[in-house]
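One structure is given here, and the rest of the page talks about it.
The values are calculated or read from the model by the stated rules, or taken from the named source; none is laboratory data. Predicted model only: the values in this text are computed from it and were never measured. As a convention, Cβ positions derive from the backbone with ideal geometry for all residues, glycine included, and neighbour counts pool all protein chains shown. With ligands, DNA and RNA removed, areas are computed over all heavy atoms of the protein, side chains included. Shrake-Rupley method; radii C 1.70, N 1.55, O 1.52, S 1.80 Å.
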2 protein chains.
Amino acid sequence: MICRLALAPTGANKLLKLRKAQFLLNTTIDILKAEVSEPLDLPEHGVTTVFVNLGNTKLELLYPLGVKSPIQNFLDKNKNGGLHHICIEVDNIDEAVKSIKAKKIRCLSENTKIGAHGKPVMFLHPKDCAGVLVEIEQA
Amino acid sequence: MICRLALAPTGANKLLKLRKAQFLLNTTIDILKAEVSEPLDLPEHGVTTVFVNLGNTKLELLYPLGVKSPIQNFLDKNKNGGLHHICIEVDNIDEAVKSIKAKKIRCLSENTKIGAHGKPVMFLHPKDCAGVLVEIEQA
């Protein structure tokens, strides 16, 4: 099950923009009556996040925070921002990782780590995932 | 509500690959027990589609079909494939488009068109949507 779709808009570090100028806030609040979270700084993960709750899934807006943000490279390559990754929830991440490795899909770390939302996660290599950065998260 | 997340894997026009080599089929079927549709050619839209049903949302795998596929340009720029667009369902697309235009978000056509799935759709300009190609679809 997909739990989140992470976007990386530009307007880095300008938190005022988070609530104002971006399409996804402008239109999803207005047209879809979506709930939008307050911006949350996660300095240990180098991002500021805002969640847009679309009912059946969530959009996660990611903004770089600090000097070594893991999304800065993406924003350097994608000047207008873009779709950064998808996150798929699984019931048993250890089983999932075992199965992924058995299929020769490369993981970006040897073991799961605690992700930005306090749960074990694993990132998979985009080249093995149809060009898409995929995060697997324990549900 | 998000209804689809469209990915454009490489392996164009090799339909055997649709059911075999790609990560999203390999892993989502196995780990997530997702339902995967048969490949469907949509020659009038220049794509072959495969849906992966994740319960709360769908992944749509898009493959170019024919010589003028609208996703060929994307695949030329993204050699490994990637996240092509997101599709958001709305209850009333005419109202949604009116609201979008009022916000000076550019639409890619003057009026809605019938999309690949038989419903009225409108595509929005990525530069006005945090770098993301967004499709609005009548629910």
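What total accessible surface area, summed over both chains, is buried at the interface between chains B and A, computed with a 1.4 Å probe and given in Å² to the nearest 100? Kindly include the intermediate steps, with their values, before the conclusion.
On the way: alone 8300 and 8320 Å², together 13410 Å².
Protein heavy atoms only, the B-A interface buries about 3200 Å².
May I ask you to list the aspartates and glutamates whose Cα is less than 17 Å away from that of B:K98, ignoring any residue fewer than eight positions away on the same chain?
The qualifying aspartates and glutamates are A:D30, B:E89, B:E110, B:D128, B:E135, B:E137.
Between A:D94 and A:L40, what FRET efficiency follows from the Cβ-Cβ distance if R0 is 30 Å, with the result rounded to 0.05? Present the calculation step by step, with values, prior to reporting the outcome.
Values: r = 28 Å, r/R0 = 0.92.
That gives a FRET efficiency of 0.60.
Ordered by residue, what ³J(HN,Hα) values in Hz, to whole numbers, does the stretch A:125-139 give under the Karplus form 6.51 cos²θ - 1.76 cosθ + 1.60, where θ = phi - 60° and Gly and Pro are x?
Taking θ as phi minus 60°, the curve returns 5, x, 5, 9, 10, 6, x, 10, 6, 10, 10, 9, 10, 4, 5 Hz for the stretch A:125-139.
Past 18 Å, Cα to Cα: identify those pairs from A:K68/A:K127; B:K101/B:K127; A:K58/A:K101; A:K58/B:K58; A:K77/B:K103; A:K79/B:K127, in the order given.
Details: A:K68/A:K127 24 Å; B:K101/B:K127 14 Å; A:K58/A:K101 27 Å; A:K58/B:K58 13 Å; A:K77/B:K103 27 Å; A:K79/B:K127 10 Å.
Where the Cα-Cα span goes over 18 Å, the pairs concerned are A:K68/A:K127; A:K58/A:K101; A:K77/B:K103.
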